[in-house]
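**Q** The structure is given below, and queries will be raised subsequently.
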Amino acid sequence: MDPKLAVYLAYAVATLALTLWVGHTLQRHGQAFLRDVLPTGELAAAVTKFLVVGFYLLNLGYMAIAMKTYDEVTGPVDAVETLATKIGIITLALVLVHLGTVLLLGRLRRPMQGQPTRVYAVPAAALTRQPADTPADRTADPRHLTPAA
């Protein structure tokens with residue numbers, strides 16, 4: 001088999017496996033983050049599916065474009081070096097796309113959190129120092145704080 005053809009086949013298999021694994025992981029674990037960003041769970045599930053489909057399309061398209069190599073591949077060492085470079089480049093591209101998505105969703109999260117911030121009322125007794133011989137009362141324990149009205 002031609003070494004260059006072997007590189008192409010190994011690159012296709014490795015990139016497809018990496019794409020499927022990362023896509024599955026993003027779909028499985030990204031939905032929890034989207035539920036925090038988006039107002040409903042149904043919308044989070046739909047956006048997760050759209051993002052994963054976009055991820056697959058972008059990655060497979062980039063994989064197809066980046067498959068061609070202009071390096072001369074004459075033996076196993078050249079094949080491994082070329083394959084490692086190509087997989088490294090596509091992995092870095094995946095990281096950049098993922099980082100961009102996370103940053104975008106983080107920016108979207110701030111304006112969408114228009115819900116009022118919960119303010120806790122602290123009883124005045126919890127703010128005063130208790131004498132050493134008097135046991136602290138229950139209100140000093142922060143687990144017993146109550147939301148303000």
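Read-outs: derived from the displayed coordinates by stated rules, not from any lab. No experiment lies behind these values; they were computed from the predicted model shown. Neighbour counts run over all protein chains shown; Cβ positions are idealised from the backbone, glycine included.
**Q** Each label point is 7 Å from the Cα along the Cα-to-Cβ direction; what then is the distance between the points at Thr85 and Ala12, in nm?
**A** 2.1 nm
**Q** Continuing with the same structure: Please enumerate, by chain and number, the lysines with C-alpha under 16 Å from the C-alpha of Lys68, excluding those fewer than 8 residues away in the same chain.
**A** Within the straight-line cut-off, Lys68 pairs with Lys4, Lys86.
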